[in-house]
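Beneath this line is the structure, given in structure tokens, with notes to follow.
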Amino acid sequence: MKRMKNSELKEYLNSFPDDAQVSVILTNPKKRKVYDIVNAMCITDFDQPVFCIEVGKESNMDAELVAACKECEQDAEKLAGQMQIEDFPEVLP
């Protein structure tokens, strides 16, 4: 599993205007579930950037998000050796 480096996050964020809102979507694509975000915060006393997200109610994805998942799954099938979330049981809900 590739983890994003701070420099990569900065580069990504710098591609948007400074006043652009940030969105976070918590999902379980295989189960077609999406989760409410109760609270999001940055933890500042670690040696690396840490985002802590409190997860709320689970609900079914809408048709648009299901379609996006299907498209990503089709793209992933084209990649040999693609890792699946099931490869990391410690992060599964």
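The values are calculated or read from the model by the stated rules, or taken from the named source; none is laboratory data. Here the structure is a predicted model, which is why all the values come from computation and not from measurement. Reconstructed Cβ throughout: ideal geometry from the backbone, glycine too, with neighbour counts over all protein chains shown. Quick note on the areas: whole protein, heavy atoms, side chains included, nothing else; ligands and nucleic acids left out. Shrake-Rupley method; radii C 1.70, N 1.55, O 1.52, S 1.80 Å.
Remarks
- Solvent accessible area, Å² - Ser15, 1.4 Å probe, full protein context: 80 Å²
- Annotation: extensible slack from Ala67 through Thr27 equals 13.1 nm (criterion: 0.36 nm per residue apart, minus Cα-Cα distance).
- Were the residues from Leu13 through Val38 laid out at 0.36 nm apart, the gain over their Cα-Cα distance would be 6.7 nm.
- At most 16 other Cβ within 10 Å, DSSP loop - chymotrypsin sites (Phe, Trp or Tyr not before Pro), the range 6-55: Phe46
- Entries in Lys10/Lys70; Lys30/Lys57; Lys31/Lys57; Lys2/Lys30 that, when Cα-Cα distance is taken, lie over 23 Å: Lys10/Lys70
- The listed residues Met41, Met61, Met4, once ranked by accessible area (1.4 Å probe) with the largest placed first, stand as Met4, Met41, Met61.
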